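The values are calculated or read from the model by the stated rules, or taken from the named source; none is laboratory data. Here the structure is a predicted model, which is why all the values come from computation and not from measurement. Counting neighbours? That spans all protein chains shown, and the Cβs are built from the backbone with ideal geometry, glycine included. Calculation scope for accessible area: heavy atoms of the full protein, side chains included, ligands and nucleic acids excluded. Shrake-Rupley method; radii C 1.70, N 1.55, O 1.52, S 1.80 Å.
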Amino acid sequence: MGSGGCAYLIKKACHCLTCGGGEYVVRFIHTAFSIGIPSTLLANKRSDLHSWLILYDGSYVFGFLYFGLLLASLIFYYCACLTDPGYVDQKTLASLANDEDDEELFVQRSTNKQGYTSLQMSDTSVSFNHDSHDISSKDENNSPAVLDTGDIAQTHRNQGAHSSRDPTYTSNDSVSNSADNKPSQEADVDGTRFCRVCNIQQPLRSRHCPDCKKCVLKFDHHCPWLSTCVGENNHKYFWLFLLFINIVIAFSMWLAVRSFPSFTTKDKEKDDFSGTDIAFTLLNILSMLILVVGGLSTISLFGFHSYLMFTNQTTWESVSRSRISYLKRLRDDDNPFHLGYCANIYSFCCRCTPKQWKSVYRRSMSASTLQSQPLVSVA
C-alpha cells in the first residue's frame, strides 16, 4: 500500500472517530491517559509524588501544584472540545453585518469632521477623499492623475474564485481588470465566498468543515483529538490546553525518571526490589514512551500555534495560502490581518465576540494601495 493509501486510511479512521459518537471515545482516551499516568506515579512508593502526597514529607505543595496543572489542562481541553468554535448561522451573520455598519458609520462621522487627509511630498500632494474614495495625485498645474479605488474595490469584490478541489465553494465572478487596463496586483477586497452546502455567504476567513458539516469563523483546522473544529471562539482554549499539557508532560517525565529503581548494592541488601517494583518499572517505561510521543506532538503544536497567535494567522491560511482567494494574490510575506503583536495577542486571548475581519482586510488593502502608487515628481 502506497503513501496515498495510508493517508486515506488515516483520514477515514479520524472521520470514524469524529462521527457517530466517536468524540466520546476520543475524549475518554485522553482523560484516561491524563489520569492513569499520574495515578501510576502516585501509587509508586519510589516516586516523589508518592512521598509528597502519601507520606507527607513536607513537600506536599509540589504535589498539589502538579495536580493543579493537570486539572487546568483537562479544563482547557474540555473547554476547547465543548465551546462552539464559531459555527456560522444567520444570527452570526447579522451580528457581523451590524459591526460592519457601525464601523462604516464611524468612518463617515470621522470624514465629516476631517474631510480628507492629505500627504505632501516635495512639490506633489496626494489626497485621499473618504467620501468619493478617490485617490488623486496633482502636480502644480492641477492636472490630476486619478485612481478610483471604488472601481478597484468593486472589481475585486466580484472575485471569489476558489480551488476546484473544494466542491463546497463557488466563485461569484471571474477575475477581470478595469477598463483602463490597470494591473490587478491587490487581492480580493472582500474575499467572501458562497458555501453551497450551508447556503450562506461566508464571512472572511471562514471555511466549511466537511467533518462538522458547518462553516466555521476564522477556521484553523479540524482536530481529531478534540473531535471538533478549532475556530475563532475556541482557539485560545486549544492554545492554553497545549501550554498546560506540555508543562504536565515535562513534570511527569521528571517524576517518572526519578521513580526508577536505582539497582544499587544498598537496595539489594535491604531487599527493597520486589515484584511490585518490577511492575511499576514496566509501567514507568510504558508511561515514558507515551509521554515522549505525546510530548513531541504537543510541543511542536504549541510552538506553531504560538507563532499563529503572534502573527494573527490560522493553520488553514498558513498551509493553503496559494488556494485561498483573499491571500493567493499577495506576496508570501504580506499578512493583511497583522494588527501588531500586542493587538494580535489581545485579539486572540481576550476577545469574546467574533471580529469583523473584512474591515481589517479593507484597511490593510487600502494602505497597501496608497503605498504602491508612484508619485509623479514635478520639475
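Looking at segment 228-255 only, could you name the residues that are of a type in the set (Gly, Ala, Ser) and crowded, with 22+ Cβ neighbours inside 10 Å? The answer is GLY231, SER252.
For THR298, are the conditions met, namely being at pLDDT 90 or above and within 10 Å of the chain's Cα centre (by Cα)? Judged against the criteria, THR298 is not a match. Hey, any hits in segment 27-36 for a residue that's farther than 30 Å from PRO210 by Cβ, modelled with pLDDT of 90 or more and in a helix (DSSP H, G or I)? Taking every residue of segment 27-36 in turn, at least one turns out to be farther than 30 Å from PRO210 by Cβ, modelled with pLDDT of 90 or more and in a helix (DSSP H, G or I).
Selection of segment 342-365 for residues being open to solvent by 50 Å² or more (accessible area, probe 1.4 Å) and among the polar types (S, T, N, Q) yields only THR353.
Could you identify the single residue in LEU283, LEU301, LEU296, LEU339 that is open to solvent by 40 Å² or more (accessible area, probe 1.4 Å), outside any helix (DSSP H, G or I) and not aromatic (Phe, Trp, Tyr)? Only one candidate qualifies: LEU339. Selection over segment 304-322 of residues that are part of a loop (DSSP other than H, G, I, E, B) and at negative phi gives a count of 3. Number of residues in segment 54-67 that are within 15 Å of LEU41 (Cβ to Cβ), open to solvent by 30 Å² or more (accessible area, probe 1.4 Å) and outside any loop (DSSP other than H, G, I, E, B) equals 5.
Confirm whether TYR66 is closer than 14 Å to ALA256 by Cα and more than 26 Å from the chain's Cα centre (by Cα). Here the answer is yes, as TYR66 does meet what is asked.
Filtering segment 232-259 to residues that are closer than 20 Å to GLY22 by Cβ and in contact with a Phe, Trp or Tyr (Cβ under 9 Å, 6 or more places away or on another chain) leaves PHE238, PHE241.
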